[in-house]
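Take a look at the structure below.
What follows draws every value from the coordinates through simple rules; no lab data is involved. As the structure is a computational prediction, the values presented were derived from the model and not from experiment. All Cβ positions, even for glycine, are placed from backbone atoms using ideal geometry, and neighbour counts span all protein chains on display.
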Amino acid sequence: MINISKIISTLFHIGYFKWFPGTLGSLFSLIIIVFLKSYLNSFLFILFFIFILLISLKLIETYSKSINKIDSSEIVIDEFLGIYFIIFFLDYYNSLNNYTNLCLIFIFFRFFDIIKPFPANWVEKKFKNSFGVIFDDIIAGIYTVIILFLINAII
């Protein structure tokens, strides 16, 4: 179980890259999730997100206990889930072309994931468990969705 939790939590060991593991995890996630969205119908796409979310809650806990550290930098499955959440709304960002949208998703998500505006910073501090690890990235995803909706409304 520890090997599986390590593989999933680190997003197939991407989290072990020496420099910018969260950024690399986000980039890899964006590519994989866009690919998934193009091949799965909406129901399966949502179902897959829920499945990954639920198993990640357990696997992050298992991995964190094995290394005796919460929210270690090599845990990047949370970036995957944050970007996945943003991609749910990809079809609504229609004022710009897809490549521009994907670049903006990456840039804004990384920005909000790094600065952790409220309530992301509160969630990260309040919940010292897998919930806190994941949901600060979901909040970064929510901020990204809001900004992309505003950009698309203006353009």
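Against the main long axis of the alpha-carbon atoms of the chain, helix 130-154 sits at an angle near 10°.
Would you compute, from DSSP H runs of 4+ residues alone, the mean residue ellipticity of the chain at 222 nm, taking -39500 (n - 2.57) per run and dividing by the full residue count, rounded to the nearest 500?
That comes out to -24500 deg cm²/dmol.
Helix 42-67 and the long axis of the chain differ in direction by around 30°, with both axes built from C-alpha atoms. Angle of helix 77-87 to the longest C-alpha principal axis of the chain, folded into 0 to 90 degrees and rounded to 10: 20°. Ordered by the count of other Cβ atoms within 10 Å of each Cβ, fewest first, Ser66, Ser38 give Ser38, Ser66.
If you filter region 31-102 for trypsin sites (Lys or Arg not before Pro), then keep DSSP loop positions with at most 12 other Cβ within 10 Å, what is left? It would help to have the intermediate numbers written out before the result.
On the way: sites: Lys37, Lys58, Lys65, Lys69; in loops: Lys69.
Passing sites in region 31-102 are Lys69.
Region 126-155 and region 1-78 have Cα centres separated by 17 Å. Rg/Rh for the chain stands at 0.96; both radii use Cα atoms, and Rh follows the Kirkwood definition. Exposure proxy shown here: for Phe112, Phe43, the number of other Cβ atoms within 10 Å sets the order, fewest to most, as Phe43, Phe112.
Mean separation of Cα pairs under 8 Å and 6 or more residues apart, divided by the residue count, gives region 2-154 a relative contact order of 29 percent.
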